[in-house]
Every structure is written in structure tokens, then in C-alpha cells.
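As C-alpha cells, the structure follows; a few thoughts come after it.
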Amino acid sequence: MTPPDPSDPRLTFGHFLADAAARHGGRTAVVSEERSLTYAELHDEVRALARGLVGAGVVKGARVAVWMANSPEWIVAAYAVGSLGAVLVPVNTFASGSERDHILRHSDASVLLMQPSLGKHRFLDDLRASRPGIADGLSGSLRVRALPQLRRVVCLGESPGGGVDDWESLLARGADVPDALLDDLIGEVDPCDDGLIIYTSGTTGQPKGVLHTQRAAVFQGHRFADFMRFTED
């Protein structure tokens with residue numbers, strides 16, 4: 001596989017996944033202990049979540065944090081955010097509470113997509129305990145002084161209640177978002193638009209954010225496939 005021309009206008013999250021689904025729809029894209037997804041299924045799940053994000057008010061340029069372990073859900077969330085031209089902010093699952101808050105505040109994250117726990121780490125319990133405004137707030141209208149831009153938290157699994165949405169509620173918000181509008185939104189994203197902010201581990205201070213364009217993230221995927229000599233098989 002030869003990497004594309006860096007000037008290719010389709011070097012965006014949305015176009016990259018759509019092209020992969022068109023070429024390899026029935027092939028397996030993601031495998032985990034819980035389930036596997038073909039490229040076509042992955043594309044469908046990404047579009048469903050993207051519609052939910054639109055229904056929740058996410059617009060191009062909005063910062064959306066994703067606090068999940070490596071999983072199909074992480075991939076779906078990342079591509080859904082990027083497809084809309086929102087800026088993906090991955091949060092390290094080993095981050096301390098102060099590091100987590102620094103990333104959310106420094107990135108101006110307005111939405112946080114998360115999983116409730118990982119091993120002994122109780123992400124949701126810790127977040128609600130340390131930030132009562134999230135536990136007691138109104139979903140979509142959070143008011144937390146320590147995280148002044150944060151308006152919505154969505155968690156995988158059963159409904160956590162309070163100011164936290166469950167995943168199914170977010171998906172339901174996209175019920176009235178037509179595919180044509182989603183296609184228009186994806187078409188508005190340019191390879192030079194902001195794509196994601198990667199934060200360092202913070203070993204010598206607070207984590208430091210590095211902003212990357214959509215082109216950089218997608219082009220790097222092509223480069224790694226070429227370097228690793230991946231083929232369609």
C-alpha cells in the first residue's frame with residue numbers, strides 16, 4: 001500500500017473510514033475479546049454515534065474527550081468525533097485525578113465520552129466524587145467551575161443518573177439527524193482542520209498537549225500500513 005499524496009482532500013477521519021468501508025466492507029476491521037466488527041459495521045456504528053453527537057449539539061471545532069481503554073468503543077468514538085470535524089482529546093486511562101482534570105480543562109473539552117471503570121480504577125465514581133457538579137448537575141448543562149467548558153458527560157453501560165448520560169441516550173439523540181445532514185457535515189471537514197490533541201504522560205509536570213491536524217492522523221495510518229507491509233489479506 002502506497003501512502004496517498006499529502007494534498008489528497010480525502011485525508012480526513014470521515015472520508016478515510018468511508019473509503020475503507022467501501023473497499024473492504026465485509027472484511028474484519030476490529031477484533032476484541034467481546035466482539036468483532038467488519039469495516040461496514042464499524043462505519044455504521046461510527047455514523048450512528050456521530051448523529052448522536054450532532055443531536056447533542058457537538059459542532060465542528062468542539063473538543064470532545066474520550067476516556068476509554070483500547071476497545072471497539074474507543075475506535076467508534078474517535079472516528080465519530082473526527083468525522084464531524086470536532087477535535088478528539090484522548091485521556092490516558094492511567095491519568096491521576098489531577099491529570100484528568102488538567103487535560104479536560106486545558107483542552108477546553110465540552111463533552112466527555114467515557115467508560116465507568118477499568119480493572120481497579122473506578123473512573124465514573126472518582127469523577128463524580130471529586131466533581132459533585134457532575135453528579136448533581138443537569139446533563140447537557142453542566143456547571144463545574146474546575147472544568148468550566150464541560151457541558152456533557154456520557155458513560156458506557158447502564159444509566160448512571162444525575163448529570164451523566166448513558167450511551168443509549170446519546171445514540172437516541174441522533175434519531176432525527178438525517179444521513180444527508182451527516183454527509184454534509186463530513187464534507188465540511190478539511191485535512192488541514194484540527195483533528196486531535198495528544199497529551200504527554202506528564203512525568204515531569206502536567207501533561208502537555210500537542211495539536212495535530214486531520215491530515216496528520218490519517219496520513220500516519222497510511223504510512224504505518226506501508227511500513228508494516230500490510231496488504232488486503
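Elements of the type helices (runs of 4 or more DSSP H) sitting completely within region 33-128 and holding at least 2 residues that are among the aromatic types (F, W, Y) and either under 23 Å from Q214 (Cβ atoms) or open to solvent by less than 10 Å² (accessible area, probe 1.4 Å) (or both): these cover 72-83.
Quick check on H24: is it surrounded by 20 or more Cβ atoms within 10 Å (Cβ to Cβ), in contact with a helix residue (DSSP H, G or I) (Cβ under 7 Å, 6 or more places away or on another chain) and on the phi < 0 side of the Ramachandran plot? For H24, the condition - surrounded by 20 or more Cβ atoms within 10 Å (Cβ to Cβ), in contact with a helix residue (DSSP H, G or I) (Cβ under 7 Å, 6 or more places away or on another chain) and on the phi < 0 side of the Ramachandran plot - is not met. R145 meets the conditions (1) loosely packed, with under 14 Cβ neighbours inside 10 Å; (2) not in a loop (DSSP other than H, G, I, E, B) in every case but one. The failed one is (2).
Residue-wise test of (1) closer than 27 Å to A175 by Cβ; (2) free of Cβ contacts under 8 Å to residues at least 60 places away in the same chain; (3) out of contact with any Gly (no Cβ under 9 Å at 6 or more places or on another chain); (4) not polar (S, T, N, Q).
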site	(1), (2), (3), (4)
A18	yes, no, yes, yes
H24	no, no, yes, yes
V30	yes, yes, yes, yes
L53	yes, no, no, yes
A56	yes, no, no, yes
R100	no, yes, yes, yes
L113	yes, yes, yes, yes
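Yes/no matrix, rows are residues, columns are (1) touching a Pro at 6+ places or on another chain (Cβ under 7 Å); (2) within 26 Å of H106 (Cα to Cα):
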{"residue": "G162", "(1), (2)": "no, yes"}
{"residue": "D179", "(1), (2)": "no, no"}
{"residue": "G187", "(1), (2)": "no, no"}
{"residue": "D190", "(1), (2)": "no, yes"}
{"residue": "V210", "(1), (2)": "no, yes"}
{"residue": "T213", "(1), (2)": "yes, yes"}
{"residue": "R229", "(1), (2)": "no, no"}
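Inside region 6-21, residues that are over 17 Å from A77 (Cβ atoms), open to solvent by 40 Å² or more (accessible area, probe 1.4 Å) and not hydroxyl-bearing (S, T, Y) make up a count of 5.
Among the numbered conditions (1) open to solvent by less than 60 Å² (accessible area, probe 1.4 Å); (2) touching a residue at least 24 places away in the same chain (Cβ under 8 Å); (3) not in a helix (DSSP H, G or I), the only one that L138 does not meet is (1). Looking at S107, S96, S117, just one residue is among the polar types (S, T, N, Q) and farther than 13 Å from Y199 by Cβ, and that residue is S117.
The values are calculated or read from the model by the stated rules, or taken from the named source; none is laboratory data. Small disclaimer: the values here were computed from a predicted structure and weren't measured. When we count neighbours, we look across all protein chains shown, and the Cβ atoms used for this are built from the backbone with ideal geometry, even at glycine. Heads up: the accessible areas ignore ligands, DNA and RNA and are worked out on the full protein's heavy atoms, side chains in. Shrake-Rupley method; radii C 1.70, N 1.55, O 1.52, S 1.80 Å.
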